[in-house]
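Shown next, in structure tokens, is the structure this report addresses.
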Amino acid sequence: MATFNLPLSGTSTFILLGIPGLEADHIWISIPFFIFYIISLLGNVTVLFVVGKEQTLHKPMYLLLCMLALTDIGMSTSVMPKALCIFWFNLKRITVCGCLTQMFFLHAASAMHSAVLVTMAFDRYVAICNPLRYANIVTNAQIAKLGLVGLIRAVLFILPLALLLSRLPFCANHIISHTYCEHIAVANISCGDIAVNRMYGLIIGFVVIGLDLTLIALSYCLIIRTLLRISSKKAHQKALNTCTAHICVMLTSYPPSLFSILTHRFGQGIALQVHIILANLYFVIPPMLNPIIYGAKTKEICDKVGKYTCRM
């Protein structure tokens, strides 16, 4: 990977300010973030543990839950540990390599998270529209292949972001007004032309989210069309219960993601402190809520968690 050019400062590190203007309140701000992060880790690790231990849960739907849990852990862990170090210990320095690595993993985890939600929509579509063929179409191997495709897509889309950043010149200014190395936040402190970086980042954001939301919308349109052909209210209720958790997870994931992408580029009217806090919440709130949502809506998960809790 190309090295950064920092001719005036001669440094190989950046400085993450945290939340500018609220430095005195960093300790207090860190408390809810720390609590949210711990809850998200406990919830997602519990899902992975329960599904891994129980042979009866080695099914496509639970494999998808494990994939979602892994992306949730990846998203929150790529951001929160460094943010907490800034809040608690004032450890604001980060190496160029560390900054690029953090940026790659947080964006790749977000892209992978979206891919998992698309795969879940496909799973729900087959379960409702082709229930007799579900076991043949949706297998563990098929889900694993779709997960691998999502991972490859994330790497291919996000890796150029890091490569484009590595080619930019960074002169005297190496201070990033953020708690983590977000792509545009880093690009904005460059003394070079960042038009390509801005354009590529915007295109990738809308391609990933736009394409995935289109596929999800198509799945739900087909589901609705199938339900309209069925007069049974019981079938409608069952389908609603089947999709509720997935819809809730999408509502906690996509709106904050779109808000973060748009405000980084067009949110000049939004206070920087508000933007940074909301951007950080995006990396802890959905990962915290997702295992709770699926745990509450999936009886098998609830039962198994209860079983292991009683053994303690």
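The values are calculated or read from the model by the stated rules, or taken from the named source; none is laboratory data. Since the model is a prediction, treat every value here as computed from it, not as a measurement. Cβ coordinates were reconstructed from backbone atoms using ideal geometry, including for glycine residues, and neighbour counts include every protein chain displayed. Note: areas computed on protein heavy atoms with side chains; ligands, DNA, RNA excluded. Shrake-Rupley method; radii C 1.70, N 1.55, O 1.52, S 1.80 Å.
Note the full-extension length gain between LEU91 and VAL149 as 0.36 nm times their separation in residues minus their Cα-Cα distance, in nm to one decimal.
17.2 nm
Probe of 1.4 angstrom, ligands and nucleic acids ignored: what's the accessible area per residue over segment 240-312, in square angstrom?
With the other protein chains kept in place, segment 240-312 gives 49 Å² per residue.
Given Cβ point charges of +1 (Lys, Arg) and -1 (Asp, Glu) and nothing else, what value in debye, to the nearest 20, does the dipole of the chain about its Cα centre take?
The dipole magnitude comes to about 1080 debye.
If amide H atoms are built 1.01 Å from N in the plane of the peptide, which residues on other chains or at least 5 residues away come under 5 Å of the amide H of THR179?
Amide H neighbours of THR179: GLY18.
Return the calculated 222 nm mean residue ellipticity for the chain, to the nearest 500 deg cm²/dmol, obtained by summing -39500 (n - 2.57) across DSSP H runs with n ≥ 4 and dividing by the residue count.
The per-residue figure over the chain is -26000 deg cm²/dmol.
If r is the Cβ-Cβ distance from THR226 to LEU202 and R0 is 41 Å, what FRET efficiency results, to the nearest 0.05?
0.70
Tell me the Kirkwood hydrodynamic radius of segment 213-258 in angstroms, computed as one over the mean inverse distance between distinct C-alpha pairs.
That comes to 11.7 Å for segment 213-258.
Nearest 0.05, what FRET efficiency do ASN241 and PHE34 give at R0 = 35 Å with Cβ-Cβ as r?
0.55
Computing the accessible area with a 1.4 Å probe over protein heavy atoms, can you report the carbon and sulfur percentage for the chain?
The value for the chain is 71 percent carbon and sulfur by accessible area.
Relative to the first principal axis of the alpha-carbon coordinates of the chain, what is the inclination of helix 299-311, with its axis defined by its Cα atoms, in degrees from 0 to 90 and to the nearest 10?
70
Could you give log10 I(q)/I(0) at q = 0.09 Å⁻¹ for segment 18-161, computed by the Debye formula over C-alpha point scatterers of equal weight, without solvent?
-0.38
With θ taken as phi - 60° and the coefficients 6.51, -1.76 and 1.60, list the Karplus ³J(HN,Hα) couplings across segment 175-187 in order, rounded to whole Hz; mark glycine and proline as x.
9, 9, 7, 6, 9, 8, 7, 6, 3, 5, 4, 6, 4
How large is the convex hull of the C-alpha atoms of segment 158-312 per residue, in Å³?
171
Return the unpartnered cysteines for the chain, using a Cβ-Cβ cut-off of under 4.7 Å.
Lone cysteines by the Cβ rule: CYS66, CYS85, CYS97, CYS129, CYS221, CYS243, CYS248, CYS302, CYS310.
Please compute the alpha carbon radius of gyration of the chain, then divide it by the globular-protein estimate 2.2 N^0.38 Å. Two decimals is fine.
It is 1.08.
To the nearest Å, what is the center-to-center distance of segment 57-82 and segment 223-298, using C-alpha atoms only?
16
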